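Engineer: One structure is given below, represented as structure tokens, and several questions about it will come after.
Every number here is computed from the coordinates shown, using simple stated rules; none is lab data. The model shown is predicted, which means the values in this text are computed figures rather than measured ones. Here the Cβ positions follow ideal geometry from the backbone for every residue, glycine too, while neighbour counts run over all protein chains shown.
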Amino acid sequence: MLTSLHAPIVRPSVSLPAFAREGGFELLDAPFRDGIVAYSGGPGEAVISAQLRLSRSAPSLVYWEVGCDAQHIRRERHGLMRCAGARPELRVSLQGLEPGRVYWYRCWAGGRWSRVGHFYSASR
């Protein structure tokens, strides 16, 4: 019986810009192997941060989303960010979140989703 060590390639449910569809960036199999950190910066604020693992220093696209549930059916925020450099970092600042609530997040790059994580926004 054959098993795969890699998750199937899943595309995000957004239309990517032309430079993403045409390629021009290359990531290792695990661009999020160093993990993703999310923390609350204050009531209604949060930051999502990750150091990407690139196979070369070409610009890379990262799609991120924050939802109200672990399955991301109720997506609150999402975006597409271009990261570049030898050790590119994803850094997303969120504002206007509901204080004292749990939010779920994940990122997509190089044809792979990160693991789903969660954070609590600070109470007032």
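Engineer: Starting from the 7 Å offset along Cα-to-Cβ, what nm value, one decimal, do you get for the label separation of residue 34 and residue 82?
Structural biologist: Result for the modelled spin labels: 2.2 nm.
Engineer: Let me check against my output: what whole-number percent is the relative contact order of segment 25-120, with C-alpha pairs under 8 Å and at least 6 apart?
Structural biologist: About 32 percent, as a whole number.
Engineer: Sort 124, 53 so the one with the fewest other Cβ atoms within 10 Å of its own Cβ comes first.
Structural biologist: Fewest to most other Cβ atoms nearby, the residues stand as 124, 53.
Engineer: Please give the net charge around residue 100, taking every other residue with its beta carbon less than 14 angstrom from that of residue 100, where Lys and Arg add +1 and Asp and Glu add -1.
Structural biologist: 0
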